[in-house]
Amino acid sequence: MNYLEAIKIRKSVRQFDDSPVDAETVELFKSHFEKINVLNTSLRLNWRISRNKDNSFNLFVEDLENNHLNLVEFGYEGQQLVIYLTSKGIGTLWHVIGGEKKSPCTITFGYEKKDAKKSLMQKMVSGIVKSGQRKSIEELIKGGNKYLSPEIEEILEYARLAPSAMNKQPWEFTLEENKKIIFTLTTDKKEYNYIDLGILLANASIAAANTGIEYEITRENDNGYCLAITNT
């Protein structure tokens, strides 16, 4: 499975199979940590893995200062790792509550339990979150689509599939001349929203890289980042 397919099918997995991910696969995954892209080379995170009692694993970063820059970096790097795992048939779950206490967020991964029945709580959460429903590109673009090209539309199609806390999708897209997309947080702006912004940027950059589009991501301010297509 390629990364674009992985973005499309990735979902939150809350029940894991008794069969653990084998040690060789875990070690191969660890070797991937240094291969992912970073927004800021001086902020490359020290990812760690711990094992849970149910044979799932936790992916986390210890003692990371919860400032906006670090949290966006966490989401950006973490989502690349999530998509890598998804491409290998391994389920994942982003969660702020529970998991590793010293990490701003925890990504749990393992093989999804087949034919698992949802608990009452999971059914209630699914009903509230409606994670399968995403806003359309048209709903997310602000200021008009004058600069909407096929390349940009391709990037935005995968960007809009990014998961976010309670599926709030707390962002908007602004298109500028010279093939620039500004991704901006619009609501709440709580700590986990900055992780969401990093996840969004990861989906956008994966889409660009895997469709042969050269790009550069720069930080506009605390709440916004610009992705500029550089091959014209």
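The values are calculated or read from the model by the stated rules, or taken from the named source; none is laboratory data. Remember, predicted model here, so these are calculated numbers, not experimental data. Reconstructed Cβ throughout: ideal geometry from the backbone, glycine too, with neighbour counts over all protein chains shown. Surface areas here come from the heavy atoms of the whole protein model, side chains and all, with no ligands, DNA or RNA. Shrake-Rupley method; radii C 1.70, N 1.55, O 1.52, S 1.80 Å.
Which count do you get for residues in segment 183-231 that are among the β-branched types (Val, Ile, Thr) and open to solvent by 20 Å² or more (accessible area, probe 1.4 Å)?
Kept after step one, since they are among the β-branched types (Val, Ile, Thr), are these residues of segment 183-231: 184, 186-187, 195, 199, 206, 211, 213, 217-218, 229-230.
Retained after the next criterion (residues that are open to solvent by 20 Å² or more (accessible area, probe 1.4 Å)): 184, 186-187, 211, 217-218, 230.
Within segment 183-231, residues that are among the β-branched types (Val, Ile, Thr) and open to solvent by 20 Å² or more (accessible area, probe 1.4 Å) number 7.
Would you tally the residues in segment 1-25 being open to solvent by less than 70 Å² (accessible area, probe 1.4 Å), in a loop (DSSP other than H, G, I, E, B) and under 23 Å from Asn167 (Cβ atoms)?
3
Take segment 143-181 and flag every residue that is over 22 Å from Gly78 (Cβ atoms) and of a type in the set (Val, Ile, Thr).
Scanning segment 143-181 gives Ile152, Thr174.
Does Leu85 fit the bill of being modelled with pLDDT of 95 or more and out of contact with any Gly (no Cβ under 7 Å at 6 or more places or on another chain)?
In short, yes.
Quick one: in segment 66-91, of everything that is touching a residue at least 12 places away in the same chain (Cβ under 8 Å), of a type in the set (S, T, N, Q) and more than 19 Å from Glu27 (Cβ to Cβ), which residue is surrounded by the fewest Cβ atoms within 10 Å (Cβ to Cβ)? Even if it seems obvious, please write down each step before you answer.
Going residue by residue through segment 66-91, those that are touching a residue at least 12 places away in the same chain (Cβ under 8 Å) are 66, 68-91.
If we keep only those that are of a type in the set (S, T, N, Q) too, we end up with 66, 70, 79-80, 86-87.
Restricting the remaining residues to those that are more than 19 Å from Glu27 (Cβ to Cβ) gives 66, 70, 79.
Details: Asn66: 13, Asn70: 19, Gln79: 28.
My answer is Asn66.
Can you name the condition, by its number, that Thr106 falls short on among (1) over 24 Å from Lys189 (Cβ atoms); (2) crowded, with 18+ Cβ neighbours inside 10 Å; (3) among the β-branched types (Val, Ile, Thr)?
Checking Thr106 against (1) over 24 Å from Lys189 (Cβ atoms); (2) crowded, with 18+ Cβ neighbours inside 10 Å; (3) among the β-branched types (Val, Ile, Thr), the one that fails is (1).
Name every residue in segment 40-51 that is open to solvent by less than 50 Å² (accessible area, probe 1.4 Å) and in contact with a strand residue (DSSP E or B) (Cβ under 8 Å, 6 or more places away or on another chain), in order of residue number.
Taking segment 40-51 and keeping what is open to solvent by less than 50 Å² (accessible area, probe 1.4 Å), we get 43, 45, 47, 49-50.
Hits for segment 40-51 are Trp47, Ile49, Ser50.
What residue, of Ile217, Ile199, Ile195, is touching a residue at least 60 places away in the same chain (Cβ under 8 Å), of a type in the set (A, V, I, L, M) and not in a helix (DSSP H, G or I)? Please lay out each step first, then the result.
Numbers: Ile199 fails: not in a helix (DSSP H, G or I); Ile195 fails: not in a helix (DSSP H, G or I).
Answer to the selection: Ile217.
Check off (1) without any contact (Cβ under 8 Å) to a residue 12 or more places away in the chain; (2) aliphatic (A, V, I, L, M); (3) open to solvent by less than 20 Å² (accessible area, probe 1.4 Å) for Leu28 and give me the number that stays unchecked.
(3)
Can you confirm whether Leu161 is open to solvent by 10 Å² or more (accessible area, probe 1.4 Å) and in a loop (DSSP other than H, G, I, E, B)? Steps first, please.
Working: open to solvent by 10 Å² or more (accessible area, probe 1.4 Å): yes; in a loop (DSSP other than H, G, I, E, B): yes.
For Leu161, the condition - open to solvent by 10 Å² or more (accessible area, probe 1.4 Å) and in a loop (DSSP other than H, G, I, E, B) - is met.
One residue is enough: does segment 140-150 have a residue meeting the conditions open to solvent by 40 Å² or more (accessible area, probe 1.4 Å), on the phi > 0 side of the Ramachandran plot and among the hydrophobic types (A, V, I, L, M, F, W, C)?
Looking through segment 140-150, none of the residues is open to solvent by 40 Å² or more (accessible area, probe 1.4 Å), on the phi > 0 side of the Ramachandran plot and among the hydrophobic types (A, V, I, L, M, F, W, C).
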